[in-house]
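Worksheet: one structure, shown below.
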Amino acid sequence: MRIGYRLVCAGAFLALAAAGMVGCGKANEASEDTTAAIARIGPERITEPQFAEIVEALIDDPEVAHKFLTADEDRIRRNSLLSNVIQGKGIKLLAEAEGLDKDAKVRLALEGAMASVYIEALIERRMPKGEPTEADLRAVYNEFAVTRKAQGTVVPPFAEATQFAEAKQLMLDLWRRKKQEETGETLLKEIKSKFPTIYADEYKPFE
């Protein structure tokens, strides 16, 4: 995992953090928390445990997360991340002060963003664990080869392709993408099964 990339590109996550969804409690929620705050903005506060929770959510490896939280060499990036979290909370406070949390258009956009984050997390949680077998890779490579050959592209046999690191990575990417699509389809079926939807006749979707 590229730590810097994930920390820089954690905008959606930090937006949820600023909304109080990942452990960065609001001031009223923290009234019983006597832990010293490492940052405050208006009524909002962030303690070291709350900040550690954010870092651990962004960095999958516990040892790497611990290093990021404690090493002097990571202090600049650590402080920058905290600044981004605080900035997100500031944006939320200003938006609420101007009534945007009650604006129908904004609420709809936030609900859509949350749904995107949730479906991505659900797919990742339901994805097969472990590495694909050779048979899995051969299957996705054969599908890829059929498509490319139909386009007039010469594609080497599977055994030959696996000798190249780039081809192996391509197979892994193709397999993961296929599993993500299959998992997503399974999730939609699960939603329909667990949460039946009833439409008024004039609002039924066309299928």
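Values in this text are rule-based calculations from the coordinates and carry no lab data. Computed from a prediction, not measured in an experiment: that's the story for all the values here. Note that each Cβ is placed from the backbone with ideal geometry, even for glycine, and that neighbours are counted across all protein chains shown.
Per-structure values
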| read-out | value |
| --- | --- |
| Under 14 Å, Cβ to Cβ, from VAL140 - net charge with Lys/Arg +1 and Asp/Glu -1 | 0 |
| Computed FRET value (nearest 0.05) for LYS189 with MET127, which takes r as the C-beta separation and R₀ as 22 Å | 0.85 |
| Net charge of Cβ neighbours under 9 Å - reference LEU69; Lys, Arg +1; Asp, Glu -1 | -1 |
| For ILE119, net neighbour charge (Lys/Arg +1, Asp/Glu -1) across residues whose Cβ lies under 13 Å away | -4 |
| Cα gyration tensor shape of segment 69-173, rounded if a/c is under 1.5, else prolate or oblate by comparing a/b with b/c | prolate |
| Built amide H within the under 5 Å cut-off of ILE38, gap 5+ | ILE46, THR47, GLU48 |
| Phi to ³J(HN,Hα) by Karplus 6.51 cos²θ - 1.76 cosθ + 1.60 over segment 196-207, Hz, x for Gly, Pro | x, 10, 10, 10, 5, 3, 6, 10, 5, x, 7, 10 |
| Listed peptides 51-62, 125-136, 191-202, 140-151 by packing density, highest first (mean Cβ within 10 Å) | 51-62, 140-151, 125-136, 191-202 |
| Signed unit charges on C-beta, dipole axis of segment 134-203, positive-most listed residue SER193, ALA161, VAL140 | ALA161 |
